[in-house]
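Below is one structure, written out as structure tokens, with a few remarks after it.
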Amino acid sequence: MFYDESFGSQLLFAVRCKALSVNRPTWRWNEGNIRLCLQCNRGVEETVEHLVLECSKYEHERESRMDVVHEQCGENKWNARCVEEDSGMRYLVGLDEECNMTVVDAIKYFLVHAWNKRQ
């Protein structure tokens, strides 16, 4: 079950709806009107995709969970998904029909740990 009333489920829901409070969609209301990621300071807009797939601040958390994704999906298949328009995000958050609960649970784990590190 995707939603089990846990914090990870709440974060997953926000990611799936593109409503996670990162700087890109909330820049109008944040202090300084900043769209850029302040976690890695690479000069890129902070989007949900950046947080989940790219931000260097969460590299350790991401690597530990991406092992699960590679195991479940297969590394070659995952690499093919990474070049798709959504960079594999639909698969990671359970919006792709081939996704399974093991992957979704791994992403929920990542989201909780990344979000706690961010605070």
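The values are calculated or read from the model by the stated rules, or taken from the named source; none is laboratory data. As the structure is a computational prediction, the values presented were derived from the model and not from experiment. Backbone-built Cβ (ideal geometry, glycine too); neighbour counts: all protein chains shown. Remember, those area values only see protein heavy atoms, side chains included, never the ligands or the DNA or RNA. Shrake-Rupley method; radii C 1.70, N 1.55, O 1.52, S 1.80 Å.
Numerical summary
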{"quantity": "Qualifying positions in region 49-87 - more than 19 Å from Gly8 (Cβ to Cβ) and not charged (D, E, K, R)", "calculated": "His50, Ser56, His70, Cys73, Gly74, Asn76, Trp78, Asn79, Ala80, Cys82, Val83, Ser87"}
{"quantity": "Where a residue in region 78-100 is modelled with pLDDT of 85 or more and its partner, wherever it lies, is part of a loop (DSSP other than H, G, I, E, B), with Cβ under 6 Å and at least six apart", "calculated": "Arg81/Gly88; Cys82/Gly88; Arg90/Asp96; Tyr91/Cys99; Gly94/Phe2"}
{"quantity": "Unmet requirement for Glu45, which otherwise passes all of (1) more than 17 Å from Lys108 (Cβ to Cβ); (2) in contact with a Ser or Thr (Cβ under 7 Å, 6 or more places away or on another chain)", "calculated": "(2)"}
{"quantity": "Any hit, region 87-95, residues being farther than 16 Å from Arg16 by Cα, exposed (fewer than 15 other Cβ atoms within 10 Å of the Cβ) and either of a type in the set (Phe, Trp, Tyr) or out of contact with any Asp or Glu (no Cβ under 7 Å at 6 or more places or on another chain) (or both)", "calculated": "no"}
{"quantity": "Residue in region 19-43 that is modelled with the lowest pLDDT, counting only those that are in contact with a strand residue (DSSP E or B) (Cβ under 8 Å, 6 or more places away or on another chain), within 21 Å of Asn116 (Cα to Cα) and in a loop (DSSP other than H, G, I, E, B)", "calculated": "Arg35"}
{"quantity": "Close pairs from region 1-21: first within 12 Å of Gly94 (Cβ to Cβ) and open to solvent by less than 40 Å² (accessible area, probe 1.4 Å), partner of a type outside the set (S, T, N, Q) and not in a helix (DSSP H, G or I), Cβ under 8 Å, at least 6 apart", "calculated": "Ser9/Phe2; Ser9/Tyr3; Leu12/Phe2; Leu12/Tyr3; Leu12/Val93; Leu12/Gly94; Val15/Val93"}
{"quantity": "Residue in region 98-112 that is surrounded by fewer than 17 Cβ atoms within 10 Å (Cβ to Cβ) and either acidic (Asp, Glu) or assigned to a loop (DSSP other than H, G, I, E, B) (or both) present", "calculated": "yes"}
{"quantity": "Complete set of residues in region 54-77 that are among the acidic types (Asp, Glu), modelled with pLDDT of 90 or more and farther than 25 Å from Gln39 by Cβ", "calculated": "Glu71"}
